[in-house]
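The values are calculated or read from the model by the stated rules, or taken from the named source; none is laboratory data. This structure is a prediction, so every number in the text was calculated from the model and none was measured. Cβ: placed from backbone, ideal geometry, glycine included. Neighbour counts: every protein chain shown. Calculation scope for accessible area: heavy atoms of the full protein, side chains included, ligands and nucleic acids excluded. Shrake-Rupley method; radii C 1.70, N 1.55, O 1.52, S 1.80 Å.
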Amino acid sequence: MMRGLPIISAEQRLAEHRGVKAAIFGKPGSGKTWLLRTLMSSTTLFFDLEAGDLAIGDLAIDTIRPRTWQECRDFAAFIGGPNPALRDDQPYSQAHYDAVCQKFGDPRALDRYETVFIDSVTVAGRLCFQWCGGQPEAVSDKTGKPDLRGTYGLHGREMIAWLVHLQHTRAKNIVFVGVLDEKLDDFNRKIYVPQIEGTKTGLELPGIVDEVLTLTEIKDEEGKSYRAFVCHTFNPYGLPAKDRSGRLDMIEEPHLGRLFAKIGGPAKPATGRVEFGRPASPAAAPLNHQMTTEE
């Protein structure tokens, strides 16, 4: 090993404590906030943006309630620490972190929390969009009128920076909760998309987090309904999902405590995580064969 080269050995990397970064989507009323009851309340910090915590009104849990986008950024800097790659005039820089430590106190107060539950990224997007609309970039230099393209461009950059900074909080579980919308595409097909202002955040969020889970209602073979997490990208419901850990089944119990324990458990052999079966070759078609709309 070269002297001074900051290589993290395989043993050190495997011994690191790594939190789970998850995005959970579901329709309104599906029980997303209720999932807080499946976590240990003494080690969970509730990042309450919805102001709709009736489902957990009797739950003894520590809570922060940002009301502005500036507060959302400040809390993210306090939770995630400084990013040394950023200039002092940028959010999440060392200067920003030092300022929020002066404001909020000793960051070691966060050591007791294993999970930060952010409810919801949908509301965070609205606060961000409102803030972006008041920035110079949201006004046209030529006409002096509001420029929606500039607003949406700034909004996308702000949201991604916020999500990525929280995602880099290695030692904690970070859970982003969001509303799932049901829409029809140009071909009148049903699709499901995260309810977030603009398109950039909804498109990039699944690539930022480790796990994308949809909380939904599923019917068993007898027609009885039950709530569950859909966890695999290729699922028969067309719901957004992803499991980077390779440890989850297609359908999992909606219990975050047990889900995180399973993700942190033994992994399946790498060769068993992906199934591949080449389909049988169809009979050779005549060269003049024409595709029909049914094909």
**Message:** Condition check: open to solvent by 10 Å² or more (accessible area, probe 1.4 Å) and either among the hydroxyl-bearing types (Ser, Thr, Tyr) or in contact with a helix residue (DSSP H, G or I) (Cβ under 6 Å, 6 or more places away or on another chain) (or both). Does THR33 satisfy that?
**Reply:** yes
**Request:** Scan region 181-201 for residues that are in contact (Cβ under 8 Å) with a residue 12 or more places away in the chain and among the charged types (D, E, K, R) and report the count.
**Result:** 5
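A quick yes/no check of all residues on (1) of a type outside the set (Lys, Arg); (2) in contact (Cβ under 8 Å) with a residue 24 or more places away in the chain; (3) surrounded by fewer than 15 Cβ atoms within 10 Å (Cβ to Cβ); (4) farther than 28 Å from GLY257 by Cα:
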{"site": "TRP69", "(1), (2), (3), (4)": "yes, yes, no, yes"}
{"site": "ILE79", "(1), (2), (3), (4)": "yes, yes, no, no"}
{"site": "PRO84", "(1), (2), (3), (4)": "yes, no, yes, yes"}
{"site": "GLN94", "(1), (2), (3), (4)": "yes, no, no, yes"}
{"site": "LYS103", "(1), (2), (3), (4)": "no, yes, yes, yes"}
{"site": "LEU110", "(1), (2), (3), (4)": "yes, yes, no, no"}
{"site": "PHE117", "(1), (2), (3), (4)": "yes, yes, no, no"}
{"site": "THR122", "(1), (2), (3), (4)": "yes, yes, no, no"}
**Item:** Flag for ASP58 being of a type in the set (Asp, Glu), surrounded by fewer than 21 Cβ atoms within 10 Å (Cβ to Cβ) and farther than 26 Å from ILE196 by Cβ
**Value:** yes
**Request:** For residues that are modelled with pLDDT of 90 or more and polar (S, T, N, Q), scanning just region 124-148, find the one that is least open to solvent (accessible area, probe 1.4 Å).
**Result:** GLN135
**Asked** Quick check: anything in region 238-248 open to solvent by 70 Å² or more (accessible area, probe 1.4 Å) and closer than 20 Å to GLY31 by Cβ?
**Response** no
**Prompt:** For region 234-245, what are the residues that are part of a loop (DSSP other than H, G, I, E, B) and either in contact (Cβ under 8 Å) with a residue 12 or more places away in the chain or on the phi > 0 side of the Ramachandran plot (or both)?
**Reply:** ASN235, TYR237, GLY238, LEU239, PRO240, ALA241, ARG244, SER245
**Request:** For region 43-54, indicate whether the set of residues that are open to solvent by less than 20 Å² (accessible area, probe 1.4 Å), out of contact with any strand residue (DSSP E or B) (no Cβ under 7 Å at 6 or more places or on another chain) and part of a loop (DSSP other than H, G, I, E, B) is non-empty.
**Result:** no
**Qualifying residues in region 166-207 (those that are within 15 Å of ARG18 (Cα to Cα) and not in a loop (DSSP other than H, G, I, E, B)) - the one most open to solvent (accessible area, probe 1.4 Å)** = GLN167
**Message:** Among the residues of region 252-270, what is the count of those that are more than 17 Å from VAL20 (Cβ to Cβ) and open to solvent by less than 50 Å² (accessible area, probe 1.4 Å)?
**Reply:** 0
**Item:** Restricting region 208-225 to residues that are open to solvent by 100 Å² or more (accessible area, probe 1.4 Å) and not in a strand (DSSP E or B), the residue that is nearest to GLY125 (Cα to Cα)
**Value:** LYS224
